[in-house]
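Nothing in this text is a laboratory measurement; each read-out follows from the coordinates by a stated rule. In this text, all values refer to a predicted model and were calculated from it rather than measured experimentally. Glycine gets a Cβ as well: all are built from the backbone with ideal geometry, and neighbour counts include every protein chain shown.
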Amino acid sequence: MGQIEEFRRKREEQNQRVLEHGHLNTRRFFGLDTAVYREGALSSKTNELLGLVASTVLRCNDCIAYHVDRCAQEGVSTKEFVEAMDVALIVGGSVAIPHVRYAYELWEELVERWD
């Protein structure tokens, strides 16, 4: 099982646990988290790229995995992915380098070839 597949499985299992025991506010927050990435003034693809950059700068590998996966599903090209990672790197600085590496590793698992 690849890293992304394992991440998806574990995330689903953990989310079910949280939502089963969480309160109304927990469910509302999860709903808002889903809704904010939907099509609006910005495309879903752009919103996912923004989420990926923010997650990289904040150094959250679970968030990076989620947004890399969603970017691939939204049809982000490798060129777009690389450009977004450059933004994350310049904003996040050298401390973000390990997280940029992680994002690239996951991207390679999801794409057949580099553009």
(request) With a 4.7 Å Cβ cut-off, tell me which Cys residues in the chain come up empty for a partner. (result) Cys71
(request) Rounded to whole Å and sorted largest first, list the principal axis extents of the Cα atoms in the chain. (result) 42, 37, 28
(request) Report, to the nearest 10°, how far helix 61-73 tilts away from the longest principal axis of the Cα atoms in the chain, using its own Cα long axis and a range of 0 to 90°. (result) 80 degrees
